[in-house]
Amino acid sequence: MSVRIYKEVFFDASHRLLHYDGKCARLHGHRWRTEVWLEGAVDQKTQILIDYNCIKKLVEIYDHQVILNEDDPMVECLSRFQDVITTKGDPTSELLAVRIADDIDGACRDMGLQCCVTRVRVWEAATCYAEVER
């Protein structure tokens, strides 16, 4: 029998879009809202698909971080003062949705769990989100 679960996680992080012509090209922050759906077979002993705290920890790696395109010249400068999370391409909500889904799927495989991400929704603001569905 397949079971589906849902977890919502919030994090605060800044980013900028290097290849965007507009105000989002400036470093700015958001209160990101992330929604994650997973589906699969529960563990026979625990009856748990995946611990909700595992999902939370995997998303919260972005909390209070600066997220920049790896090609952004700001990476070198800011890295002198703090860690910077880099992405291949501009760190849009679309890119973060895919990256979070991939990270959680990888962690599930590493833990030997029989589940996978079916959807991730990343809200950049209260009125807009990007979603990846598998």
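Each value in this text was obtained by applying a stated rule to the coordinates, not by laboratory testing. Here the structure is a predicted model, which means the values were calculated and not measured. Positions of Cβ are backbone-derived with ideal geometry, glycine not excepted, and every protein chain shown enters the neighbour counts.
The number of residues in the stretch 85-117 that are hydrophobic (A, V, I, L, M, F, W, C) and closer than 21 Å to ASP51 by Cβ comes to 10.
For the stretch 15-39, residues that are part of a strand (DSSP E or B) and over 27 Å from ARG134 (Cα atoms) total 2.
On the stretch given as the stretch 55-89, residues that are hydrophobic (A, V, I, L, M, F, W, C) and in contact with a Leu (Cβ under 9 Å, 6 or more places away or on another chain) total 9.
Among residues of the stretch 109-122 that are touching a residue at least 24 places away in the same chain (Cβ under 8 Å), those with a beta-carbon under 6 Å from a residue that is among the β-branched types (Val, Ile, Thr) at least six positions away or on a different chain give the pairs LEU113/ILE50; CYS115/ILE50; VAL117/ILE104; VAL120/VAL36; VAL120/ILE100; VAL120/VAL132; VAL122/THR34. Restricting attention to the stretch 61-85, the residues being surrounded by fewer than 15 Cβ atoms within 10 Å (Cβ to Cβ) and not in a loop (DSSP other than H, G, I, E, B) number 5. Being of a type in the set (Lys, Arg) and over 30 Å from ASP43 (Cβ atoms) is a property that ARG80 has. Of all residues in the stretch 91-117, those being more than 14 Å from the chain's Cα centre (by Cα) and either surrounded by 16 or more Cβ atoms within 10 Å (Cβ to Cβ) or assigned to a strand (DSSP E or B) (or both) number 4. For the stretch 37-48, the criterion of being closer than 18 Å to ILE104 by Cβ, of a type in the set (Phe, Trp, Tyr) and out of contact with any helix residue (DSSP H, G or I) (no Cβ under 9 Å at 6 or more places or on another chain) is met by at least one residue.
When the criteria are applied in full, LYS57 meets the requirement of being within 19 Å of ARG33 (Cα to Cα) and surrounded by fewer than 16 Cβ atoms within 10 Å (Cβ to Cβ).
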